[in-house]
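What follows is a single structure, written as C-alpha cells, with notes after it.
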Amino acid sequence: MNWQGRKVLVTGGASFIGSHLVDALVERGAQVRVVDNLSSGRLENIQPHLVARRLEFIKADLREPGVAQHAVEGVQIVFHLAADHGGRGYVDLHQAGPASNLFLDGLVFWEAVQAGVDKVVFASSGCVYPNYLQNNPNEEIYLTEDMVRPPYDADNMYGWAKLMGELTLKAYHREYGLKAASCRYFTVYGPRGVENHAVIAMIARAFVGQNPFEVWGDGTQVRNWTYIDDIVRGTILAAEKIDDATAVNLGIMERVRVIDAVKEVLRYTGHQAEIRLRPDMPTGPLNRVADNSLARQLLGWVPEVCFFDGLHRTIDWYFKTKDAEQVRAILNSRLTER
Ligand SMILES: NC(=O)c1ccc[n+]([C@@H]2O[C@H](COP(=O)([O-])OP(=O)(O)OC[C@H]3O[C@@H](n4cnc5c(N)ncnc54)[C@H](O)[C@@H]3O)[C@@H](O)[C@H]2O)c1
C-alpha cells in the first residue's frame with residue numbers, strides 16, 4: 001500500500017505503542033492526526049514530529065461528546081489504540097476504568113462508520129483469550145485465534161472490553177461494510193515502555209539497585225514478550241491486508257519464564273541482588289504464548305527480534321535515558337497505576 005498522503009488517525013498516539021506506530025506512518029509519508037488525552041501517553045513520545053510540524057495533535061478525551069466525531073473527520077484509516085489500560089497490577093486491580101473502554105471503542109467505531117472511514121485497525125490484546133486455557137505453566141500450549149469462542153472467559157474488564165471491540169468490528173463489517181482488522185498484541189516491550197509492564201519493571205528495579213529484587217508470583221509464569229518494532233510492522237501489515245475484521249495474533253512464539261527474564265536482566269546489568277518472590281502479588285495468567293501462524297499466512301509477518309536481543313536494546317535505552325532518583329520516586333505507585 002502506498003501511504004504517501006494517506007489521511008490517518010492514531011487514537012492514543014502519544015502512548016508507547018502508539019508513538020512508535022506514528023513514527024512508522026510519518027516515515028511512510030502518511031498525513032497523521034493523533035488524538036490523545038495524555039492520561040498515560042506522553043507528549044515527549046511524539047515531540048520530534050510536533051516540532052517538525054509533521055503531525056496534527058489534538059489533546060482531548062474521546063469519551064467526551066463530539067470528540068470522536070471530530071477526530072475521524074476526513075480520515076481514511078483509523079488506528080484505534082486509545083484505551084484505559086495499564087500493566088498487570090493495573091488491569092487486575094482496576095475494573096471501572098477499563099470498563100469505559102466499552103463506550104470509548106463503541107464511540108470511535110460508530111463515528112468511523114458515520115464519517116465513511118475506509119478502515120479501522122483495532123489494538124486488541126492477548127487478554128481476550130479464555131483464562132481457563134492459561135493456568136498450567138508446564139503445558140506447551142500456543143493460543144490460536146479460534147480459541148476465542150464460547151464459553152468466553154476474558155482477562156478482567158480490560159479483556160472483556162477488547163473482546164467486545166473485536167466483536168463490534170465484526171458486526172460493523174458484516175452489516176455496514178466497514179473494513180476492519182483487530183491485532184491481538186501480546187505483552188509488548190521496548191524503548192518508551194512504562195514501568196507498569198513486567199519487563200520495564202524488572203529493568204527499573206535493576207536500574208535503582210533494588211535488593212532484595214522483587215519478582216511477582218513464583219517466577220514460573222510463561223510469556224511471549226514481543227518487541228515493539230515487530231508489533232508496529234504487523235499492525236501496518238494488518239491495515240494493508242485485512243479487510244474483513246479478522247482478529248490476528250501479533251506475538252512471538254518464544255516461551256520465556258519470568259524468572260529467566262529476571263536473571264538475564266540481572267546478568268546484563270551486572271546488578272547483584274537476592275531475588276525475593278512475591279506470590280501474593282498479581283501475576284496474570286500462568287501460561288500465555290501466541291500461535292502466530294495466521295499472521296504468517298495472512299500478513300507474511302514473522303517476528304524478527306528475539307527476546308534477549310530486544311531485552312538488551314530496551315535495557316540500553318532505559319539506562320541511557322532515565323534518572324535514578326525520579327525512577328525511585330515513581331516506581332512503587334507506577335506498578336499498579338497507569
Ligand atoms: N503494552 C502492551 O503490552 C499491550 C498489549 C496488548 C494491547 N495493548 C493495547 O495497545 C494500545 C496501546 O497501549 P500502550 O501499552 O502503548 O500504552 P497505553 O495504555 O498508555 O496507551 C493508551 C493511550 O491512549 C490514551 N488514552 C486513554 N484513554 C483515552 C481517552 N479517553 N481519550 C483519548 N486518549 C486516551 C492514553 O493517554 C495513552 O496514550 C492500548 O489499546 C492497549 O490496550 C497493549
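When only C-alpha pairs under 8 Å and at least 6 residues apart count, what is the relative contact order of the chain, in percent?
19 percent
Could you estimate the translational diffusion coefficient of the chain from the Stokes-Einstein equation, with Rh from the Kirkwood formula over C-alpha pairs, at 25 °C and 0.890 mPa s, in whole µm²/s?
This corresponds to a translational diffusion coefficient of 122 µm²/s.
So how strong a dipole does the stretch 201-256 carry about its Cα centre when Lys and Arg Cβ are +1 and Asp and Glu Cβ are -1, to the nearest 20 debye?
200 debye
How high is the relative contact order of the stretch 55-125, in percent, counting Cα pairs under 8 Å that sit 6 or more residues apart?
Relative contact order here is 47 percent.
Hey, what's the stretch 3-94 come to in accessible area per residue, 1.4 Å probe, Å²?
42 Å²
Dipole of the stretch 54-138, Cα-centred, from +1 at each Lys and Arg C-beta and -1 at each Asp and Glu C-beta, to the nearest 20 debye?
Magnitude of the dipole: close to 220 debye.
The stretch 1-64: Rg/Rh from Cα coordinates, Kirkwood Rh?
Looking at the stretch 1-64, the ratio lands at 0.95.
What residues of the stretch 282-316 lie in the reach of a label at N138, counting those whose backbone N is under 20 Å from a point 7 Å from the Cα along Cα→Cβ?
Within reach of a label on N138, which here means backbone N under 20 Å from a point 7 Å along Cα→Cβ, the stretch 282-316 contributes 285-289.
When ligands, DNA and RNA are left out and all protein chains stay put, how many square angstrom of accessible area per residue does the stretch 121-277 have with a 1.4 Å probe?
36 Å²
Within the accessible area of the chain, what % is carbon and sulfur when the probe is 1.4 Å and the other protein chains stay in place?
Looking at the chain in its full context, I get 49 percent from C and S.
Placing +1 on the Cβ of each Lys and Arg and -1 on the Cβ of each Asp and Glu in the stretch 58-173, which of N131, A99, V78 has its Cα farthest towards the positive end of the resulting dipole?
Checking the options against the dipole of the stretch 58-173, the answer is V78.
For an R0 of 25 angstrom, estimate the FRET efficiency from the Cβ-Cβ distance between A324 and L50 and round to the nearest 0.05.
0.30
How would the stretch 1-126 be classified by its alpha-carbon gyration tensor: rounded, prolate or oblate, with rounded meaning a/c under 1.5 and the a/b versus b/c comparison settling the rest?
Oblate.
Across the chain, how many lysine pairs, 8 or more positions apart or on different chains, have C-alpha atoms separated by under 20 Å? Please give the number.
13
Roughly how many nanometres apart are two label points built 7 Å out from the Cα toward the Cβ at A24 and M253?
In this crude label model, A24 to M253 measures out at 2.1 nm.
Could you give the dipole magnitude of the chain about its Cα centre, charging the beta-carbon of Lys and Arg +1 and that of Asp and Glu -1, in debye to the nearest 20?
Dipole about the Cα centre, nearest 20: 500 debye.
In what sequence, highest mean first, do 16-24, 39-47 appear when ranked by Cβ atoms within 10 angstrom?
Descending mean neighbour count gives 16-24, 39-47.
Helix-only estimate, please: 222 nm mean residue ellipticity of the chain, summing -39500 (n - 2.57) across DSSP H runs of length 4 or more and dividing by its residues, to the nearest 500.
-12500 deg cm²/dmol
Using only Cα atoms, locate the centre of the stretch 312-338 and the centre of the stretch 219-270, then give the distance between them in Å, rounded to an integer.
Using only Cα atoms to place each centre, the spacing works out to 20 Å.
Give me the angle, in degrees from 0 to 90, between the Cα long axis of helix 258-269 and the longest principal axis of the Cα atoms of the chain, rounded to the nearest 10.
80 degrees
Toward the positive end of the charge dipole of the chain, about the Cα centre and with charges on Cβ (Lys, Arg +1; Asp, Glu -1), which of S182, V199, N292 goes farthest?
V199
Distance between the C-alpha centers of the stretch 32-65 and the stretch 99-138? Whole Å please.
Cα centres, the stretch 32-65 to the stretch 99-138: 21 Å.
Using r as the Cβ-Cβ distance of L167 and N332, and R0 as 56 Å, what FRET efficiency do you calculate, to the nearest 0.05?
After rounding, the FRET efficiency stands at 0.90.
Using the alpha-carbon atoms, what tilt in degrees (0 to 90, nearest 10) does helix 198-207 show relative to the longest principal axis of the chain?
50 degrees
The values are calculated or read from the model by the stated rules, or taken from the named source; none is laboratory data. Because the structure is predicted, anything quoted here is derived from the model rather than measured. Note: ideal-geometry Cβ built from the backbone for every residue, glycine included; neighbour counts use all protein chains shown. SASA here: full protein model, heavy atoms, side chains in, ligands and nucleic acids out. Shrake-Rupley method; radii C 1.70, N 1.55, O 1.52, S 1.80 Å.
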